[in-house]
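Below is one structure, written out as structure tokens; comments come after it.
None of the figures in this text is laboratory data; all of them are computed from the coordinates on show. The shown structure was predicted, so the numbers you read here are calculated from the model rather than taken from an experiment. Cβ placement follows ideal geometry from the backbone for every residue including glycine, while neighbour counts extend to all protein chains displayed.
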Amino acid sequence: MQLSDHFSLEELVASELAARQGIDNTPSIEVENNLRVLAAGLERVRAGVLAGRPIHVNSGYRCAALNAAVGGAANSAHVLGLAADIVCPGFGSPLDVCRAIAASGVPTDQIIHEFGAWCHVAFAALGAVPRGEFLTIRHGTGYQAGLLSVA
């Protein structure tokens, strides 16, 4: 099912780990509605920030069991269907993507430059005010304020 022009429900719930471990990552109706918010936000990023370049979603929705299996934070926006870990090699590095989204004015709840490997982007639920939080996490460390290099 297409949630937006460029993002499908299947893409935003796909997980190799879930498939390997037999975890049912089917979203509830409430989460599916949040995934529509996520897809709309990703469309804004794709069109307005990344100049129409394709976004690859490494991780979107994660049910609680899948989130635990990947070691995700218990309060992760992935569990709500409001976050995706993305890359856009045609645009630049994950840090470039994070910084471009942050500078764009697209209202995000959170952008995290994670391990130098991807950009975690989360959007606020309908009716909620986005926090506009920008963080970096390096291997073996906690979150740091700002979008920083991990080198």
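Across the options LEU35, LEU12, GLY52, the greatest Cα extent toward the positive end of the charge dipole of the chain (unit charges at beta carbon of Lys, Arg, Asp, Glu) belongs to GLY52.
Computed from phi, the 3J(HN,Hα) profile of region 115-129 under the Karplus parametrisation 6.51, -1.76, 1.60 (θ = phi - 60°) reads 6, x, 10, 7, 10, 8, 10, 10, 10, 6, 5, 3, x, 9, 8 Hz, with x in place of Gly and Pro. Over all other residues within a Cβ to Cβ distance under 15 Å of LEU82, the charged ones net out to -2, with Lys and Arg as +1 and Asp and Glu as -1.
The fewest-to-most ranking of HIS120, HIS139, HIS113, HIS56 by surrounding Cβ atoms within 10 Å reads HIS139, HIS56, HIS120, HIS113. In plain terms, the chain from SER8 to ALA47 could stretch by 12.4 nm, reckoned as 0.36 nm per residue minus the Cα-Cα distance. Residue exposure proxy: PHE123, PHE134, PHE115, PHE7, ordered by other Cβ atoms within 10 angstrom of their Cβ from fewest to most, comes out as PHE115, PHE134, PHE7, PHE123. Each label point was placed 7 Å from the Cα along the Cα-to-Cβ direction; for ALA125 and ALA40 their separation is 1.5 nm. With contacts taken as Cα pairs under 8 Å and at least 6 residues apart, region 27-138 reaches a relative contact order of 25 percent. A Förster radius of 25 Å, combined with the Cβ-Cβ distance separating GLN21 from TYR143, puts the computed FRET efficiency at roughly 0.40.
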